[in-house]
Amino acid sequence: TQPAFSPDGEFIAFRSERDGGGIFIMGATGESVRRVSDAGYNPAWSPNGQQLVVGSESFVDNPNARYANSTLWIIDVKTGNRSEIAVHDAVQPQWSPHNQRIAYWSAQSGEKDVWTIRPDGSNPLLVTDHSGMNWSPAWSPDGTKIAFTSARSDNADIYVMNVDGSEQMRLTHAAGNAGDASWSPDGTRIAFAAVEAENSDIYIINLDG
């Protein structure tokens, strides 16, 4: 699960439960699978393709279904060496294209907000303002904006903001619960998933079925 293409498109990092579980890397067509860490979730590549950042705890799709704090680890792809970024709680990390910051979301103090931090663990910055639940950050290709999911309205919608948290703009309206934002390479479009309410329909059948 949780696949992530390397910046050059040659490799895919992913989470697997095989052989005790961990973070694995394989070629883009599935060859040469190897484990680089026995722990971690939601891998994201550094811009130079030499490192991965992962959370110590998993996240799937429900920000309320989290029961343990998560820290961040940086993994050297070649050696498997792992170093910790000291944060109180962080999941779904995403490395910025300019290599200067890592975005993540946190549930510390009961608030679910998007933060950024330097790769060395310094200068953590809160970039959303406790307006409902905010999660699933995604950097724009030029590193100037972050798309994220927020439940500050009736539904979960996709928002975009500057990296300092300013000019937060709602992009989706009543599109069902939207999430998993992904930018196009030119930064002009965003793809997302939307889960809409279950529909019930009426059918007619003959008495014999």
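The values are calculated or read from the model by the stated rules, or taken from the named source; none is laboratory data. On a predicted model such as this, the values are computed, not experimentally measured, just so you know. All Cβ positions, glycine included, derive from the backbone under ideal geometry; neighbour counts span all protein chains shown. Just so you know, the surface numbers come from the protein's heavy atoms only, side chains and all, with ligands and any DNA or RNA stripped out. Shrake-Rupley method; radii C 1.70, N 1.55, O 1.52, S 1.80 Å.
Quick notes on this one:
- Remark: relative contact order (region 138-209) = 24 percent; criterion is Cα-Cα distance under 8 angstrom and separation of 6 or more residues.
- Protection proxy ranking, peptides 69-75, 102-108, average beta carbon neighbours within 10 Å, highest first: 102-108, 69-75
- Modelled label positions at ASN206 and THR1, each set 7 Å beyond Cα in the direction of Cβ, lie 4.6 nm from each other.
- Ordered from largest to smallest accessible area (heavy atoms of protein chains, 1.4 Å probe), the residues VAL87, VAL33 come out as VAL33, VAL87.
- Length gained on full extension, HIS130 to ASP180: 16.0 nm, using 0.36 nm per residue less the C-alpha separation.
- Solvent exposure, largest accessible area first (probe 1.4 Å, DNA, RNA and ligands not counted), of SER200, SER83, SER153: SER200, SER83, SER153
- GLN100/ALA39 FRET efficiency (R0 22 Å; Cβ-Cβ; nearest 0.05): 0.30
- Neighbour net charge for ALA193 - beta-carbon separation under 10 angstrom, K R +1, D E -1: -2
- Read-out mean projected area of the Cα convex hull in nm², derived from the coordinates shown; its label in [x] 16.4; [y] 13.7; [z] 15.7: [z]
- Between region 63-82 and region 26-47, the Cα center-to-center distance that results, in Å: 13 Å
- Sorted largest first by accessible area at a 1.4 angstrom probe radius, with every protein chain in place, the residues MET161, MET26, MET169 fall in the order MET169, MET26, MET161.
- The accessible area of ARG35, taken with all protein chains in place and a 1.4 Å probe, comes to roughly 100 Å².
- Burial ranking of peptide ranges 129-135, 89-95 (average Cβ count within 10 Å, highest at the top): 89-95, 129-135
- Note on LYS145: accessible area approximately 70 square angstrom, rounded to 10, probe 1.4 Å, nucleic acids and ligands left out.
- At full extension, ASN69 and ASN162 could sit 30.8 nm farther apart than now, given 0.36 nm per residue minus the alpha carbon distance.
- Additional length obtainable on full extension of the chain from THR144 to PHE14, 0.36 nm per residue less Cα span: 44.2 nm
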